[in-house]
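Inspection log for the structure reproduced underneath, given as structure tokens.
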Amino acid sequence: MTTTDATTSTPTSGPELGIFLPIGNGGWIMSETAPHPQATYDYNRKAAVLAEDAGLDFIMSMGKWRGYGGTTDHWGRTLESVSMMSGLAEATSRVKIWATIHTNLFHPAIAAKMYTTMQQISGGRAGMNIVVGAYAQEFSQMGLWDENLDHAARYRYTEEWTSVLERLWSEDSVTHHGEFFDLDDCQSRPHPEVRPTLISAGRSPAGVDFQARHCDGSFLTADDLPGLRKVSDQVKAAAAENGRSIKTYSMCTVVLGETDAEAEAKRREYGRGADVEAIVNMKTSWGLPLDKALSMTAAAPEDEAFQTAVVHGSPETVSERISELVEETGIDGLMMIFPDYHADLPVFGETVLPLLRPASVLEGVA
């Protein structure tokens, strides 16, 4: 079935497909032997244009404020998400533009104005990935981490933050006195002509509840396909209970080769150079004890180098595995990571996408 997305005139068939841009050096593979995208606007601009030219549906970037060191200095250099994506909104014409906001760094009145501006630049393609913020070291270096806010309190904070944001996008004057924010006759005009898409991630009950009441999209992870089906169904059911609908997305890294054997050799080579120090530092940033982070990494560092599930093989195999992933889980979209975006995206568009989508649909985005 072919549908038309509400924020663009682009016909899409099957799942929405997009890329997670390499806004930090090293991209998404923590390895000395993998391609090492640089954290530059030029690199990301080319990747975004290639994604659009290939026929993909969206581009997204994370927000990251501190790297993980190691021999690769992984994510030691990063760009700011909203600024970069605003530039990419000008550089593209069709793909949806999703940038990340950490609610503990940006006041909702500031974020409201930033995204209204991006919505004008993009012609209605902007989306906000709302992150509650759980990496204490990133924010404590700025003096902006409140240790008194536990997980539940951070979601109360983000719930209030989002409610204020939505009011600022639709009301001429907002007066609000809540647990975390005080606004008196706060004005944020103009309002966006099209409300930016709201996206979030998280599987906790508080996270699912937040997504069900506010978000248009939910990014999910699980240990296996049945688990991903379960959490996708859970989020959609929670949204339905609130009289809303929501799309669910997941992520994977795509390693392409002309043959399955060639792709497997690439995957092994990328894993061979795993930056163990950076991987361990990443895991401790999640709050894991050092001994557990070390033991988890030591078990299979070649797999730990990849931050997502890996889909690898020939174009035919990759197409089959992506189709299986989507069909067995019921997700609506997939955000993909590529080792070398500049080299891999044209190949994906030429060899894999035609297997996933009818030619008549691809002609509509050419």
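The values are calculated or read from the model by the stated rules, or taken from the named source; none is laboratory data. Bear in mind the structure is a predicted one, so any value in this text is a computation, not a measurement. Methodologically, a virtual Cβ is constructed for each residue, glycine included, from the backbone with ideal geometry; neighbour enumeration extends over all protein chains shown. For accessibility, only protein heavy atoms count, side chains too; no ligands or nucleic acids. Shrake-Rupley method; radii C 1.70, N 1.55, O 1.52, S 1.80 Å.
Data for the structure
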{"read-out": "Condition broken by Ile19, with the remaining ones in (1) surrounded by fewer than 24 Cβ atoms within 10 Å (Cβ to Cβ); (2) touching a helix residue (DSSP H, G or I) at 6+ places or on another chain (Cβ under 6 Å) satisfied", "value": "(1)"}
{"read-out": "Residue that is modelled with the lowest pLDDT, among those in segment 135-158 that are open to solvent by 70 Å² or more (accessible area, probe 1.4 Å) and in a helix (DSSP H, G or I)", "value": "Gln137"}
{"read-out": "Scope segment 160-184; condition open to solvent by less than 70 Å² (accessible area, probe 1.4 Å), part of a loop (DSSP other than H, G, I, E, B) and over 10 Å from Ala112 (Cα atoms); matching residues", "value": "Glu171, Ser173, Gly178, Phe180, Phe181"}
{"read-out": "Test: residue in segment 343-359 that is in contact with a Lys or Arg (Cβ under 8 Å, 6 or more places away or on another chain), open to solvent by less than 40 Å² (accessible area, probe 1.4 Å) and at negative phi", "value": "no"}
{"read-out": "Qualifying residue in segment 323-334 (condition: over 17 Å from Arg357 (Cβ atoms) and outside any helix (DSSP H, G or I))", "value": "yes"}
{"read-out": "Complete set of residues in segment 40-71 that are crowded, with 17+ Cβ neighbours inside 10 Å and of a type in the set (Gly, Ala, Ser)", "value": "Ala47, Ala48, Ala51, Ala54, Gly55, Ser61, Gly63, Gly67, Gly70"}
{"read-out": "Answer residue from segment 72-85, given it is among the hydroxyl-bearing types (Ser, Thr, Tyr) and in contact with a strand residue (DSSP E or B) (Cβ under 8 Å, 6 or more places away or on another chain) and is least open to solvent (accessible area, probe 1.4 Å) among those", "value": "Ser81"}
